[in-house]
Amino acid sequence: MRGSSLRRPIMIQRLRQIAVTIKIKHLLCCCIVLAFVLFATRASNLMGWTSDDGATALRYSTPRKRYAILMNTWKRHDLLKQSVSHYTTCMGVESIHIVWSEPDPPPDSLVAFLQRTVKENSRNDREIKLRFEMNEEDSLNNRFKEIKDLNTDAIFSVDDDVIFACSTLEFAFTVWQSASETMVGFVPRMHWIDQAKEEMGRYIYGGWWSVWWTGTYSMVLSKAAFFHSKYLGIYTHHMPASIRNYVTKNRNCEDIAMSFVVANVSGAPPVWVKGRIYEIGSGGISSLGGHSERRGKCVNTFVEEYGGMMPLVPSTVKAVDGRHLWFW
């Protein structure tokens, strides 16, 4: 009797250990299955797999529901080919307008390559239009000249060395559709009051690191941003001519000038969209010494041209595509 009474607690303890072991294995199996499902979902996004059930085509069924790409370029034909080849695969693109300010017209070989690429990537009854916007004068203002016969309200302004995944671009477009009066983009910047000269109403230009540190921004740069096509006309015809002259003379700050235009008309802050940027070119003027100081001078000069009023509106909002996040 004593032996059996001693064995009973031992058996109960072993059964409990077995039960715990089974629960742990079951939990591990669930974790492995969940990890596999998440990885498969993420892998499909990374590899560009999509589920085309007709919903995407319906969303962009008319030109007004799509957007035009306004691409600035300068003597980087290989980069231009790469960018056009990529963006013509994005379903939301209705047309591509290449801002051409080089002294010579585009080479026939370049035009033929781009036209062939556009034709190959036009599908599902979607014919992408390609056009060179020719300019006699070499000015950064050319990237915002009015285009009379646009079929879209939305414009995606982008440099020829900047590429986004089509899914990232489409998400930013949906964000813009909910805030079409303002700018929606991927490269935020900020203006800060110059504490040393606060009485004079002076400002300094805050680059990426100030945005990263504070989470606050008041501009999204036009190297990668959506805005309404009407702002091209306002920039060309209604923005103070002195600002356009300043941009031409200094070869800088046309993006800040457009941010002033949009903020002055809308009275609203821009929207920063989270998205991975692939820069396929070398560093531009932002990599040169004294860049922030020159940009700060632009900000202060433009404020003076707006009668001493600062139109830029700070924001801390960031649009994130929850479908591509592991956790909320």
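Structural remarks
- Exceedance of the 23 Å cut-off in Cα-Cα distance is limited, within the set Lys81/Lys129; Lys148/Lys274; Lys223/Lys274; Lys230/Lys297; Lys75/Lys318; Lys119/Lys230, to Lys148/Lys274; Lys230/Lys297; Lys75/Lys318; Lys119/Lys230.
- Cα-projected label distance for Asp108 with Met309, points at 7 Å along beta-carbon direction, nm: 5.5 nm
- Normalised per residue, the accessible area of the range 102-212 is 52 Å², obtained with a 1.4 Å probe and no contribution from ligands, DNA or RNA.
- Taking all protein chains as shown and a probe of 1.4 angstrom, Met91 keeps an accessible surface of around 40 Å².
- Spacing of the two label points (7 Å from each Cα toward its C-beta) at Gln115 and Ile280, in nm: 2.2 nm
- Surface accessible to a 1.4 Å probe, Lys81 within the full protein complex, Å²: 60 Å²
- Accessible surface of the range 85-137, 1.4 Å probe, proportion on carbon and sulfur as whole %: 47 percent
- Extension gain, Ala241 to His291: 0.36 nm times the residue separation minus the Cα-Cα distance gives 15.6 nm.
- Formal net charge of residues neighbouring Gly233 (Cβ-Cβ distance under 11 Å; K, R +1; D, E -1): +2
- The residues of the range 214-328 have, on average, 49 Å² of accessible surface per residue, using a 1.4 Å probe with all protein chains present.
- Accessible carbon and sulfur surface of the range 145-200 relative to its total accessible area, %, 1.4 Å: 50 percent
The values are calculated or read from the model by the stated rules, or taken from the named source; none is laboratory data. None of the values given here were measured: they were computed from a predicted structure. Note that we place each Cβ from the backbone using ideal geometry, even for glycine, and neighbour counts take in every protein chain shown. Calculation scope for accessible area: heavy atoms of the full protein, side chains included, ligands and nucleic acids excluded. Shrake-Rupley method; radii C 1.70, N 1.55, O 1.52, S 1.80 Å.
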